[in-house]
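The values are calculated or read from the model by the stated rules, or taken from the named source; none is laboratory data. Because the structure is a prediction, the values reported are computed rather than measured. Please note: Cβ atoms are built from the backbone with ideal geometry, for glycine as well, and neighbour counts cover all protein chains shown. These accessible areas exclude ligands, DNA and RNA; they are computed on the full protein's heavy atoms, side chains included. Shrake-Rupley method; radii C 1.70, N 1.55, O 1.52, S 1.80 Å.
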Amino acid sequence: MPDRTYEFVQLDVFTQTPLTGNALAVFTDARGLNDDKMQALAREMNLSETTFIFPRDPATEAHKVRIFTVAEELPFAGHPTLGTALHLYASGFSPVSERSTEITLDLKAGKIPVRFTANSENAGRNRADGQVFGEMRQRDPEFGVTFSREEVARIIGIAADEIPPEWPVQIVSTGLPFAIVGIRNQEALMNLNFSHAQAAEFLKNTKAKFFYFLCPQRREKNRLEARARMFFYGGEDPATGSAAGCAASWLVQHGIANSDEQVLIRQGVEIRRPSEMYVRATRDSVRVTNVRVGGYAVEVLRGTVRL
C-alpha cells in the first residue's frame with residue numbers, strides 16, 4: 001500500500017515570541033486516522049498536547065477537533081483550543097478583512113467559540129504570527145469541594161500559612177477539573193518541592209486531575225497579575241489554558257478579582273518557557289459566568305508525517 005501523508009504545523013501558544021510559551025502540534029487534516037493512530041502520533045510529537053482537525057460540519061460551521069496528550073485523549077484543554085483556532089484563522093482562504101472574527105471548535109467537551117482581534121491589517125495572513133489575539137469563551141464554571149490547606153501544604157512541601165485561609169483550596173472546572181491552590185508568596189511558588197506521585201495519590205479519589213498553583217498580586221496602577229505553575233505526567237506545563245479559566249472563575253468567585261477585570265497570568269517562567277494568559281470572568285448576584293481566556297500564538301515549523 002502507498003504511504004499516507006499527514007501535514008502538521010507546530011505553534012508556540014500563549015506567546016508572541018518563538019521558542020517560548022507552550023508548544024502545540026496541529027494535524028491539519030486528520031481524515032483517515034483512527035484513535036490508536038492519533039494517540040501514537042501524539043506520543044511521536046512528544047508535546048504536552050497534539051490536536052487533530054476534521055472537516056467542518058456544514059450544519060453548524062464548527063470545526064471538529066480532538067485533543068491528545070502523550071498518554072490520553074482530553075475532552076478539553078486550553079492552549080490546544082486557542083492554538084488550533086488561531087491556526088485556522090490564519091489559514092483562511094478569504095482576505096483578512098473579510099474573515100469571520102469568530103471560529104467555533106467542536107470538542108469532546110462541547111462547542112467552544114474563539115474570537116479574534118488583529119493588531120494590524122496583515123496580521124495572521126497564512127500563518128499564526130503572534131499578531132492576532134484570540135480569546136476563547138470556556139464553559140461556565142462548576143465549583144467543587146474544598147480541601148484542608150494544612151493537608152495540601154504538606155503534600156506540596158510548603159508551610160500551611162503560605163496558603164491564605166481566606167483563599168479556599170477548591171476544585172473548579174470549566175471543562176477539565178483542577179484543584180486551585182492560592183499561594184501568598186511568589187518565592188514559595190518558585191521553590192515548590194512538588195511530588196507528582198504524591199499529588200496524584202491525593203487527588204485520585206477526587207474529580208480533579210491536577211493541582212494549579214496561583215499567586216495573585218496587585219501591581220502598580222492596581223493591576224492584578226498572577227504567577228502560576230502546573231505539574232503533570234512527571235513534568236511541568238508552560239501554560240495551562242484550561243486551568244487559567246478555572247483560575248479566573250476562582251479569582252472572581254472569592255473576590256480576589258473584580259467581575260470582568262482582566263488578569264494577566266504568567267506561567268512557565270521557572271522552566272524558561274514564559275507564557276502569558278489574559279483571563280476574565282463575570283460575576284452576577286448568583287453565579288460566575290462568561291469565562292474568557294486569551295492570548296497569542298506563533299507558528300514555528302511545518303512538517304509531513306508518512307504512515
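If I filter segment 55-74 for residues that are over 16 Å from the mean Cα position of the chain (by Cα), among the hydrophobic types (A, V, I, L, M, F, W, C) and either within 19 Å of Glu299 (Cβ to Cβ) or not in a loop (DSSP other than H, G, I, E, B) (or both), do I get at least one hit? The answer is no; no qualifying residue exists. Cβ-Cβ distances below 6 Å connect the following pairs, each with a first residue in segment 268-292 that is in a loop (DSSP other than H, G, I, E, B), a second residue that is of a type in the set (Gly, Ala, Ser) and open to solvent by less than 60 Å² (accessible area, probe 1.4 Å), and a separation of six or more residues or different chains: Gly268/Ala239; Gly268/Ser275; Pro274/Gly268.
Where residues in segment 108-123 are under 22 Å from Val279 (Cα atoms) and not aliphatic (A, V, I, L, M), which of them is surrounded by the most Cβ atoms within 10 Å (Cβ to Cβ)? Filtering first and then ranking leaves Phe116.
Taking segment 36-54 as the range and being of a type in the set (Asp, Glu), under 22 Å from Val13 (Cα atoms) and assigned to a helix (DSSP H, G or I) as the test, only Glu44 passes.
The strands (runs of 3 or more DSSP E) located wholly in segment 75-155 include none with 3 or more residues which are modelled with pLDDT under 90. Restricting segment 27-59 to residues that are in contact with an Asp or Glu (Cβ under 7 Å, 6 or more places away or on another chain) and under 17 Å from Ile112 (Cα atoms) leaves a set whose member that is most open to solvent (accessible area, probe 1.4 Å) is Asp57. Residue count for segment 124-152 satisfying the condition of being open to solvent by less than 90 Å² (accessible area, probe 1.4 Å), without any contact (Cβ under 8 Å) to a residue 60 or more places away in the chain and at negative phi: 6. A single member of Ala197, Ala243, Ala226 is outside any loop (DSSP other than H, G, I, E, B), hydrophobic (A, V, I, L, M, F, W, C) and either open to solvent by 60 Å² or more (accessible area, probe 1.4 Å) or on the phi > 0 side of the Ramachandran plot (or both), and it is Ala197.
Scanning segment 163-178 for residues that are open to solvent by 10 Å² or more (accessible area, probe 1.4 Å), more than 16 Å from Pro75 (Cβ to Cβ) and in a loop (DSSP other than H, G, I, E, B) yields Pro165, Glu166, Trp167, Pro168. Considering Val252, Val269, the condition of being of a type in the set (A, V, I, L, M, F, W, C), out of contact with any His (no Cβ under 6 Å at 6 or more places or on another chain) and farther than 26 Å from Val298 by Cβ is satisfied by Val252 alone.
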